[in-house]
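The values are calculated or read from the model by the stated rules, or taken from the named source; none is laboratory data. Just so it is clear, the model here is predicted, and its values are computed rather than measured. Neighbour counts are summed over all protein chains in view; Cβ atoms, including those assigned to glycine, are modelled from backbone coordinates with ideal geometry.
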């Protein structure tokens with residue numbers, strides 16, 4: 001049998017050891033050139049094929065209705081994340097409680113909201129008046145339809161669903177802090193709430209904040225789901241316009257460009273946060289400020 005070439009032996013050894021094979025410079029340049037060529041060809045086709053009316057796209061990009069929908073998208077994202085983060089912290093603290101009933105209630109909430117589709121939850125909250133037509137006490141009552149507007153239904157659906165996911169993120173952050181620190185804090189007389197607020201949660205930020213930024217990016221896109229209940233966010237406004245002028249693809253491109261712009265900015269902020277909170281010295285400074 002002929003002896004195997006050194007390159008073949010090296011490749012086999014890399015494969016068996018699990019090491020990724022690194023392409024040579026020439027191959028890397030060839031692959032890069034192929035990708036650039038394919039991207040340029042696709043861009044040229046999109047721009048010159050006439051399949052898209054770019055005049056309509058640019059005309060509606062800053063249309064007042066689109067900007068109004070954009071503002072509601074940002075508002076929904078911010079408010080839903082605030083609700084989700086606050087609820088997630090509460091649920092995470094409940095999950096690590098010494099009382100079984102409290103931790104079970106947290107687990108039940110997470111199981112229910114993570115186990116059902118967000119779209120179903122949004123439709124449920126929008127139609128909650130079918131279950132509770134009115135709410136009140138004493139001689140006062142109010143129609144639930146008047147309270148749960150499309151915006152409120154969207155906020156309830158997005159915020160309560162996000163709380164279930166944030167609770168797992170916060171719980172992971174709490175679990176990342178060494179238990180010895182909790183015991184040391186308790187040994188000097190700090191109560192459970194003080195330990196959690198001043199010792200555990202500040203250090204857990206290193207684990208909590210980067211995925212929270214990622215959840216915020218996801219929330220930006222999830223707001224488009226509320227178009228099914230008529231909340232006047234970006235996608236709904238785009239649908240309203242193309243229902244009148246029949247420029248369906250063009251208005252969807254307008255919405256997509258805005259989503260891409262928002263997620264790109266949010267991704268840049270996420271990258272900064274990961275660098276900022278990946279630094280142990282920054283965490284120690286924050287802990288020192290709260291001590």
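Is one or more of the residues making up the stretch 184-193 in the same structural domain as residue 270 (by TED's automatic domain parsing), within 30 Å of residue 263 (Cβ to Cβ) and in a helix (DSSP H, G or I)? Within the stretch 184-193 (the criterion being in the same structural domain as residue 270 (by TED's automatic domain parsing), within 30 Å of residue 263 (Cβ to Cβ) and in a helix (DSSP H, G or I)), the answer is no, since none of the residues qualifies.
Within the stretch 215-251, the only residue that satisfies the criterion of being free of Cβ contacts under 8 Å to residues at least 24 places away in the same chain and on the phi > 0 side of the Ramachandran plot is 246.
Matching residues to (1) farther than 25 Å from residue 251 by Cβ; (2) in the same structural domain as residue 173 (by TED's automatic domain parsing); (3) out of contact with any strand residue (DSSP E or B) (no Cβ under 6 Å at 6 or more places or on another chain):
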site: 44; (1), (2), (3): no, no, yes
site: 84; (1), (2), (3): yes, yes, yes
site: 108; (1), (2), (3): yes, yes, yes
site: 115; (1), (2), (3): yes, yes, yes
site: 143; (1), (2), (3): yes, yes, no
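From the list 211, 117, the lone residue that is touching a helix residue (DSSP H, G or I) at 6+ places or on another chain (Cβ under 7 Å) and either closer than 19 Å to residue 89 by Cβ or surrounded by fewer than 19 Cβ atoms within 10 Å (Cβ to Cβ) (or both) is 211.
Residue pairs whose Cβ atoms lie under 7 Å apart, sitting 6 or more positions apart in sequence or on different chains, and linking a residue in the stretch 194-208 that is over 14 Å from residue 183 (Cβ atoms) to a partner that is outside any helix (DSSP H, G or I) and at pLDDT 80 or above, are 203/177; 204/176; 204/177; 207/176. The set of residues in the stretch 67-82 that are buried (at least 19 other Cβ atoms within 10 Å of the Cβ) and either over 13 Å from the mean Cα position of the chain (by Cα) or over 14 Å from residue 226 (Cβ atoms) (or both) comprises 69, 70, 72, 73, 81. Note on the stretch 43-57: residues that are surrounded by 10 or more Cβ atoms within 10 Å (Cβ to Cβ) and either in contact with a helix residue (DSSP H, G or I) (Cβ under 6 Å, 6 or more places away or on another chain) or in a loop (DSSP other than H, G, I, E, B) (or both) amount to 4. If we keep just the residues of the stretch 218-237 that are surrounded by fewer than 21 Cβ atoms within 10 Å (Cβ to Cβ) and closer than 15 Å to residue 66 by Cβ, which is modelled with the highest pLDDT? Here the answer is 224.
If you go through the stretch 166-181 and keep only what is part of a helix (DSSP H, G or I) and surrounded by fewer than 18 Cβ atoms within 10 Å (Cβ to Cβ), you end up with 168, 172, 175, 179, 180, 181.
Just one of the numbered conditions (1) within 27 Å of residue 200 (Cα to Cα); (2) touching a residue at least 40 places away in the same chain (Cβ under 8 Å) is not true of residue 100: (2).
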